[in-house]
């Protein structure tokens with residue numbers, strides 16, 4: 001397990017999942033291996049492929065994860081990059097299906113930044129029949145090239161962007177939020193807090209949504225910024241189930257990739 005960024009849920013869920021399956025996880029930090037600095041990514045990939053049965057990487061650079069996959073012979077899992085967070089998105093949609101009983105036709109409104117989580121939810125939603133809407137301030141949308149690429153994904157889901165969170169949640173099944181300031185964006189904090197001020201998930205916004213709507217947050221939550229205490233606590237049950245589902249999805253993923261394939 002290669003970590004360039006600190007982690008609670010990703011580390012614990014992957015390490016616990018591997019333990020549950022009878023295996024063992026090794027935790028490596030940036031200081032341990034110097035990914036791409038002390039040692040070339042391709043050398044690390046080839047060595048780990050000879051020593052381990054799989055590699056999980058949580059990095060800033062998406063290219064590092066791609067290079068690990070290119071140069072090793074064992075499965076490589078993207079546990080988060082600045083570009084995407086697929087394991088989180090799958091645990092999220094697992095939570096939605098658990099709550100509603102299905103995914104097809106559900107509307108998920110991501111209120112916040114067009115970030116790695118929003119990108120992965122857009123891709124997963126397209127495949128699994130979920131209609132994903134990104135409600136963000138102007139200038140924080142996902143890039144046009146990425147949005148155009150969604151057309152190549154087979155599935156009944158859709159993706160749209162708007163700048164009106166209240167209008168977007170009016171018929172939402174799921175209201176999702178995430179930090180406004182991701183790791184590596186600390187220098188932009190003051191501007192981002194100002195730009196996102198009208199995009200907080202709070203009782204006033206939830207009052208515009210149907211009573212059936214649930215709230216999700218990939219955590220950590222910065223209360224008083226992207227979500228307030230009242231909204232978080234009112235939906236803590238589903239948010240914590242979402243965190244727990246990281247374990248269940250990753251246990252299934254590891255079993256499929258390096259186990260016997262049975263669930």
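Can we say residue 30 is buried (at least 21 other Cβ atoms within 10 Å of the Cβ) and over 18 Å from residue 219 (Cα atoms)? Walk me through how you get there before you give the answer.
Numbers: buried (at least 21 other Cβ atoms within 10 Å of the Cβ): no; over 18 Å from residue 219 (Cα atoms): yes.
No; evaluated as a whole, the condition is false for this residue.
Filter segment 66-84 down to residues that are part of a helix (DSSP H, G or I) and touching a strand residue (DSSP E or B) at 6+ places or on another chain (Cβ under 8 Å) and give me whichever is surrounded by the fewest Cβ atoms within 10 Å (Cβ to Cβ). Going through the qualifying residues, I end up with 69.
Selection of segment 202-221 for residues being in contact with a helix residue (DSSP H, G or I) (Cβ under 7 Å, 6 or more places away or on another chain) and surrounded by fewer than 15 Cβ atoms within 10 Å (Cβ to Cβ) yields 203, 210. Among the residues in segment 36-50, are any within 21 Å of residue 249 (Cβ to Cβ), crowded, with 17+ Cβ neighbours inside 10 Å, at pLDDT below 95 and in contact with a helix residue (DSSP H, G or I) (Cβ under 7 Å, 6 or more places away or on another chain)? No, the conditions are met nowhere in segment 36-50. Of the candidates 105, 34, 114, the single residue that is assigned by TED's automatic domain parsing to the domain that holds residue 151, more than 20 Å from the chain's Cα centre (by Cα) and more than 21 Å from residue 256 (Cα to Cα) is 105. Restricting segment 1-27 to residues that are crowded, with 17+ Cβ neighbours inside 10 Å and part of a helix (DSSP H, G or I) leaves a set whose member that is farthest from the chain's Cα centre (by Cα) is 18.
Residues that are out of contact with any strand residue (DSSP E or B) (no Cβ under 9 Å at 6 or more places or on another chain) and either more than 20 Å from residue 108 (Cβ to Cβ) or part of a helix (DSSP H, G or I) (or both) within segment 201-216 comprise 203, 204, listed in sequence order.
The helices (runs of 4 or more DSSP H) located wholly in segment 85-200 that include 3 or more residues which are farther than 30 Å from residue 11 by Cα and without any contact (Cβ under 8 Å) to a residue 12 or more places away in the chain occupy 144-149. Would you confirm whether or not segment 149-159 contains a residue that is closer than 16 Å to residue 215 by Cα and crowded, with 20+ Cβ neighbours inside 10 Å? Within segment 149-159 (the criterion being closer than 16 Å to residue 215 by Cα and crowded, with 20+ Cβ neighbours inside 10 Å), the answer is no, since none of the residues qualifies.
Selection of segment 94-113 for residues being crowded, with 20+ Cβ neighbours inside 10 Å and touching a strand residue (DSSP E or B) at 6+ places or on another chain (Cβ under 8 Å) yields 95, 96, 106, 107, 108, 109, 110, 111, 112. Among the residues of segment 222-238, those identified as part of a loop (DSSP other than H, G, I, E, B) and in contact with a helix residue (DSSP H, G or I) (Cβ under 9 Å, 6 or more places away or on another chain) are 225, 226, 228, 235. Does residue 219 satisfy the condition of being part of a loop (DSSP other than H, G, I, E, B) and at pLDDT 95 or above? It is true that residue 219 is part of a loop (DSSP other than H, G, I, E, B) and at pLDDT 95 or above.
The values are calculated or read from the model by the stated rules, or taken from the named source; none is laboratory data. From a predicted model like this one, the values you see are computed outputs, not experimental measurements. Don't worry about glycine lacking a Cβ; one is built from the backbone with ideal geometry, like all the others, and counts go over all protein chains shown.
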